[in-house]
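Below: the structure, in structure tokens.
The values are calculated or read from the model by the stated rules, or taken from the named source; none is laboratory data. A quick note: this is a predicted structure, and the numbers were derived from the prediction, not measured. When we count neighbours, we look across all protein chains shown, and the Cβ atoms used for this are built from the backbone with ideal geometry, even at glycine.
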Amino acid sequence: MHAHLDKILINQVEIVERSKQLAKEISEKYAKTDKPLILVALLKGSVPFLAELMKHMSIDIEIDFMDVSSYGTNMESTRDIRILKDLDRSIKEHPIVIVEDIVDTGRTLQAVIKILDNKGAQSIEVVSLLDKPSRREVEVDVAYIGFEIPNEFVVGFGLDFAEKYRELPYIGILHKDFY
């Protein structure tokens, strides 16, 4: 365990197993769609989860990325949602599954769903590795949830604090002395 953590909340084996289950559910749902499913990953935190999830998909998929920021280097959302990188392609009439690392207040995800809807997506669902419902400020529908977690500051498996700890292969609770 990394020295800056209080404890490991979700270990690597649990993440891999849950990713397999979610990939199976998504693959089954989109097995017979007329256009390829596009996984839209929200940078940077969702990249490890996207990589783990797509390894276990049993359908043809396409991927794209958006970089959407509301945190900067802070612990708390600034509520100023900025698109730093938009999609590289058209998603018109394609089914979309947004791949997210964590759903917290829901504000960023709500904005992204609206943007993708305005771009003409056939359907939009969300898969999130982590869900922190105790922090929700706006209602968002998350179709596929890896793990519901308590209101703790977590890092690892793509989640960071000031760009640190993303490389950890598990999710841990960051000790208060380090933020």
In the range 135-179, how many are of a type outside the set (A, V, I, L, M, F, W, C), surrounded by 18 or more Cβ atoms within 10 Å (Cβ to Cβ) and part of a strand (DSSP E or B)? 4
Do we have residue 31 as modelled with pLDDT under 95, over 12 Å from the mean Cα position of the chain (by Cα) and not aromatic (Phe, Trp, Tyr) here? no
Which residues, counting only those in the range 3-34, are hydrophobic (A, V, I, L, M, F, W, C), touching a residue at least 24 places away in the same chain (Cβ under 8 Å) and either in a loop (DSSP other than H, G, I, E, B) or surrounded by 15 or more Cβ atoms within 10 Å (Cβ to Cβ) (or both)? 5, 8, 9, 10, 15, 22, 23, 26, 31
Touching a Phe, Trp or Tyr at 6+ places or on another chain (Cβ under 7 Å), modelled with pLDDT of 95 or more and more than 13 Å from residue 129 (Cβ to Cβ): does that describe residue 62? no
Among strands (runs of 3 or more DSSP E) entirely inside the range 35-134, those with 1 or more residues being surrounded by fewer than 17 Cβ atoms within 10 Å (Cβ to Cβ) and without any contact (Cβ under 8 Å) to a residue 60 or more places away in the chain are 37-43, 61-69, 82-85, 123-131
